[in-house]
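K.L.:
Structure incoming, see below.
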Protein chains: 2
Amino acid sequence: MADYTKMWTDLGLNLDNHDALLANLGGAYQSIFMTQENRPAGMGYFDFVMSEAHGLRIQELREEQEAGRKIIGSFCVFVPEEIVLAAGCTSVGLCSGADFAQEEVEKVLPRNTCSLIKSFFGFSLGKVCPYMEVSDLIVGENTCDGKKKAFETFKEMVPNFYQMDMPQNKAPMGRKLLTHEYKAFLAKLEEMTGKKISKKDLQEGIAIVNAKRAALSRLAILRAADPCPISGLDALLINQIAFLDNPARFTEKLNALCDELDVLVKEKKGAIAEKAPRVIISGCPMAIPNWKVPAVIEAAGAVIVGEESCIGERGQRNATDDSAETLDGLIDAVVDRYFKIDCAVFTPNQERVEHIKEMTKNYNADGVIHYGLQFCQPYIMESFSVEKTLEKDGISVLRLETDYSQEDMGQLSTRVEAFVEIIK
Amino acid sequence: MADYTKMWTDLGLNLDNHDALLANLGGAYQSIFMTQENRPAGMGYFDFVMSEAHGLRIQELREEQEAGRKIIGSFCVFVPEEIVLAAGCTSVGLCSGADFAQEEVEKVLPRNTCSLIKSFFGFSLGKVCPYMEVSDLIVGENTCDGKKKAFETFKEMVPNFYQMDMPQNKAPMGRKLLTHEYKAFLAKLEEMTGKKISKKDLQEGIAIVNAKRAALSRLAILRAADPCPISGLDALLINQIAFLDNPARFTEKLNALCDELDVLVKEKKGAIAEKAPRVIISGCPMAIPNWKVPAVIEAAGAVIVGEESCIGERGQRNATDDSAETLDGLIDAVVDRYFKIDCAVFTPNQERVEHIKEMTKNYNADGVIHYGLQFCQPYIMESFSVEKTLEKDGISVLRLETDYSQEDMGQLSTRVEAFVEIIK
């Protein structure tokens, strides 16, 4: 492995903290991912990307910066990558999947804040996220109360912060607001880059992102097979890497993996044994390295066949229509595509439970595990009606509420094992 | 006391539950309010209103209904009473200040939900809130995530539910949204009443509400005196009753009380001893019968000289301009007035801390106690920056986080007593 010490120092990372984080992350990756049997050969690329997530990928981003590209960091699938690419910029998801510097974090945020928010504060305060440090602009969005209010403090910590407002419902005024915010974001990127975005630019951005989403969707459908050709952990990893990697290369490598999975499915070769109980996981997003609950589920002998999550199908379904004749028409198409995202911050959000049902059916799942981050009010509130509606349809549901700590591992395992026993 | 059993039965109240609630409430009122010394004579009226809050006042509302008026129940100061009155309707605040039927509530809501939301679910599930049962329309608003998402379940419990969307910031698009929502609300009331609202109707509604707010503001200013002519508990009670009572009568009685207070101030007669440590309470609203923290504060020998709260100055400051020539102009003036409310759901919300500073100065306060309901993310998140900003200005702050239970009374008393000791 190359020595990135100089690059990390230049970025202003705290090397001691960062070494500790990488050691921890590497250990978790080894024990969770590398101990899996029957992994498709194509996972080699994604293992490599993970091993170089703080190394080679950051070096690439810095080379892009030297060539004049701006790096746009974000926390949410509502920040439209099509527009980022159209502006000649690169989109990256920011670190928010592990506890770090929690003692410092609780000096500026309430203890009763969800792990995801505490996490990105910790990564920033601890100076351990190279994606955050390399970003030219960090985009926050008014989705949940937690993020919306935490950003007031966060933007004092990161000077290059940009806040995007969000609608709370899918009424026409909500759509108008999202359109307004996407146009303002586009204008902000134009101002940063000094470059006017053309219709062709946005069409190219849309094409890249559509291709990435098509590959992710191809992967999703392949998991309908029994035996499942890929573990849920590996599929989640791919969905996580979708936020970090160069999109065109990612698409190419994912399609190559899918070619391999096509063969495995035809030959009835599984990464997980045939007839393993099949689970859809639904709820809050799981950012790298938040693999805790999926690891528990698959250790219990089940296979996760779909993620109804922003890092998963909720964030990736629906292509953007690229047929409009004008730039404004294309922006409208981008808004159309994002306005369909059934995030729990919207009210009502009935489409979401319909999508969960659809995924359960399409991927031949035996049950749904609802993953709620403690203190995430939108998803935890919604989990009550999701459970009620699914169980009315005869779909078994287990509602979990957890955080990023390892303290509840025993309790989680017991509950998940009991659930897997019920659905098998 | 008259026998209201028939009325309560007609309203569908659960009489056993309701008796238990009234006994509890009556006991709390006696021990908290009636044991206070040197109360102004004018408090007699408000004591009477409280004693008849579930009796005579409900009978009046039913008589209004029989005469054709609609009763509009709400949970938030963003539901504009001016428009309700203009439509020939009556506005009432709904019960949300005490725990009730919590075991039932936790079957439909997460345990980690703020007490205020759990409370109105409990009052509804337990069938103990006559205001809820008498309302022709119950208006919820998309302020915080907690309410926004809880309303999805609540509206299945109450068929006459109406939801109002809310902006998340004070940008022009936010103002457009609020205008749109107020116009939609006005149209909804017109549809319910079958009556077109005229410019004159709205002017009359504005006049009634402005007079009420002017009286509340008169009361607020009188509390600047030392000794304070009225306890914080009594002043809070008056602010709470402002949401239940007939507005014109309330205004008259409050002005009469203020006349009495004028004399007391001149004569340097206090409800609380001179030189008592003076406190501003700031944060989450306190609905009847949520008197827990104010009772602890005044039992510790301090006097509360202002409530920076929706049930208090935040909800009541600013008159609505009635000078517009058209109905649309008046609606705009209503929007202008409400758009100034510095609720923590907005981001940024810098005005709020400025208002706290202003109140501290205007009412000669020695310190600020920030009252956060546990799991209320907007106010608890904001309390960190409020504390930081105020302490930078040399204003002492105590941040409390509590719920409606009595379990933390000991701990609260200890902390409040220590704070009072510091500021005196």
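K.L.:
Quick one: is residue B:79 more than 14 Å from every other protein chain (Cβ to nearest Cβ) and touching a strand residue (DSSP E or B) at 6+ places or on another chain (Cβ under 9 Å)?
P.N.:
yes
K.L.:
Step by step: first the residues of the range B:82-93, then only those that are of a type in the set (Gly, Ala, Ser) and assigned to a loop (DSSP other than H, G, I, E, B), then the one that is farthest from residue B:15 (Cα to Cα). Which residue is that?
P.N.:
Applying the filter and picking the extreme gives B:87.
K.L.:
Okay, moving on. Can you name the number of the only condition in (1) closer than 25 Å to residue B:257 by Cβ; (2) in a loop (DSSP other than H, G, I, E, B); (3) of a type in the set (A, V, I, L, M) that residue B:61 fails?
P.N.:
(2)
K.L.:
When the residues of the range B:120-137 are narrowed to those that are farther than 17 Å from residue B:99 by Cβ and touching a helix residue (DSSP H, G or I) at 6+ places or on another chain (Cβ under 8 Å), which ends up surrounded by the fewest Cβ atoms within 10 Å (Cβ to Cβ)?
P.N.:
This residue is B:136.
K.L.:
Could you list, in sequence order, the residues of the range A:158-167 that are within 11 Å of another protein chain (Cβ to nearest Cβ) and in a strand (DSSP E or B)?
P.N.:
Once the filter is applied, which keeps residues that are within 11 Å of another protein chain (Cβ to nearest Cβ) and in a strand (DSSP E or B), the range A:158-167 yields A:163, A:164.
K.L.:
Please verify whether the range B:390-405 includes one or more residues that are in contact with a strand residue (DSSP E or B) (Cβ under 8 Å, 6 or more places away or on another chain), within 12 Å of chain A (Cβ to nearest Cβ) and under 13 Å from residue B:308 (Cβ atoms).
P.N.:
No, the range B:390-405 contains no residue that is in contact with a strand residue (DSSP E or B) (Cβ under 8 Å, 6 or more places away or on another chain), within 12 Å of chain A (Cβ to nearest Cβ) and under 13 Å from residue B:308 (Cβ atoms).
K.L.:
Sort out which residues of the range B:360-370 are more than 14 Å from every other protein chain (Cβ to nearest Cβ) and either in a loop (DSSP other than H, G, I, E, B) or buried (at least 23 other Cβ atoms within 10 Å of the Cβ) (or both), and write them in order of number.
P.N.:
B:360, B:363, B:364, B:365, B:366, B:368, B:369
K.L.:
Next question. What number goes with the only condition from (1) in a loop (DSSP other than H, G, I, E, B); (2) within 23 Å of residue A:316 (Cβ to Cβ); (3) within 14 Å of chain B (Cβ to nearest Cβ); (4) touching a strand residue (DSSP E or B) at 6+ places or on another chain (Cβ under 9 Å) that residue A:181 does not pass?
P.N.:
Only one criterion is unmet by residue A:181, namely (1).
K.L.:
Now for a different question. Scan the range A:184-198 for residues that are more than 10 Å from every other protein chain (Cβ to nearest Cβ) and part of a helix (DSSP H, G or I) and report the count.
P.N.:
9
K.L.:
Which count do you get for residues in the range B:396-411 that are loosely packed, with under 12 Cβ neighbours inside 10 Å, assigned to a loop (DSSP other than H, G, I, E, B) and out of contact with any helix residue (DSSP H, G or I) (no Cβ under 8 Å at 6 or more places or on another chain)?
P.N.:
1
K.L.:
Okay, moving on. From (1) modelled with pLDDT of 95 or more; (2) in a loop (DSSP other than H, G, I, E, B); (3) out of contact with any strand residue (DSSP E or B) (no Cβ under 7 Å at 6 or more places or on another chain), pick out the condition that doesn't hold for residue A:96.
P.N.:
(1)
K.L.:
Would you mention how many residues in the range B:227-254 are basic (Lys, Arg) and touching a residue at least 40 places away in the same chain (Cβ under 8 Å)?
P.N.:
1
K.L.:
Still on this model: Quick one: count up the residues across the range B:128-152 that are in a loop (DSSP other than H, G, I, E, B) and more than 10 Å from every other protein chain (Cβ to nearest Cβ).
P.N.:
Here the count works out to 4.
K.L.:
Follow-up. Looking at the structure I just gave you, is residue B:235 among the hydrophobic types (A, V, I, L, M, F, W, C) and surrounded by 23 or more Cβ atoms within 10 Å (Cβ to Cβ)?
P.N.:
yes
K.L.:
Let me ask something else. Just to be sure I understand the filter: pairs with C-beta atoms under 8 Å, separated by 6 or more residues or on different chains, first member in the range A:347-366 and at positive phi, second member part of a helix (DSSP H, G or I). Which pairs pass?
P.N.:
Filtered contacts from the range A:347-366: no entries.
K.L.:
In the range B:368-385, is there at least one residue being modelled with pLDDT of 95 or more, of a type in the set (Val, Ile, Thr) and touching a Lys or Arg at 6+ places or on another chain (Cβ under 6 Å)?
P.N.:
No - not one qualifying residue is present in the range B:368-385.
K.L.:
Give the range B:321-353 a look and list any residue that's aromatic (Phe, Trp, Tyr) and within 14 Å of chain A (Cβ to nearest Cβ), or say none.
P.N.:
Within the range B:321-353, B:346 is the sole residue that qualifies.
K.L.:
Follow-up. Hey, can you tell me all the residues within the range B:55-77 that are over 13 Å from residue B:162 (Cβ atoms) and under 17 Å from the mean Cα position of the chain (by Cα)?
P.N.:
B:77, the sole residue that qualifies.
K.L.:
Using the structure shown, decide if residue B:170 is within 11 Å of chain A (Cβ to nearest Cβ), in contact (Cβ under 8 Å) with a residue 40 or more places away in the chain and closer than 20 Å to residue B:335 by Cα.
P.N.:
yes
K.L.:
While we're here: With respect to the numbered conditions (1) at pLDDT 95 or above; (2) more than 14 Å from chain B (Cβ to nearest Cβ), which one is the sole condition not fulfilled by residue A:116?
P.N.:
Tallying (1) at pLDDT 95 or above; (2) more than 14 Å from chain B (Cβ to nearest Cβ), residue A:116 fails exactly one: (2).
K.L.:
Looking at residue A:155, is it part of a helix (DSSP H, G or I) and buried (at least 18 other Cβ atoms within 10 Å of the Cβ)?
P.N.:
Against the criterion (part of a helix (DSSP H, G or I) and buried (at least 18 other Cβ atoms within 10 Å of the Cβ)), residue A:155 does not qualify.
K.L.:
Quick one: is residue A:382 touching a residue at least 12 places away in the same chain (Cβ under 8 Å), within 11 Å of chain B (Cβ to nearest Cβ), assigned to a helix (DSSP H, G or I) and of a type in the set (D, E, K, R)?
P.N.:
yes
The values are calculated or read from the model by the stated rules, or taken from the named source; none is laboratory data. Just so we're clear, the structure is a prediction, and the values are computed from it rather than from any experiment. Cβ sites come from the backbone with ideal geometry, for glycine too, and all protein chains shown count toward neighbours.
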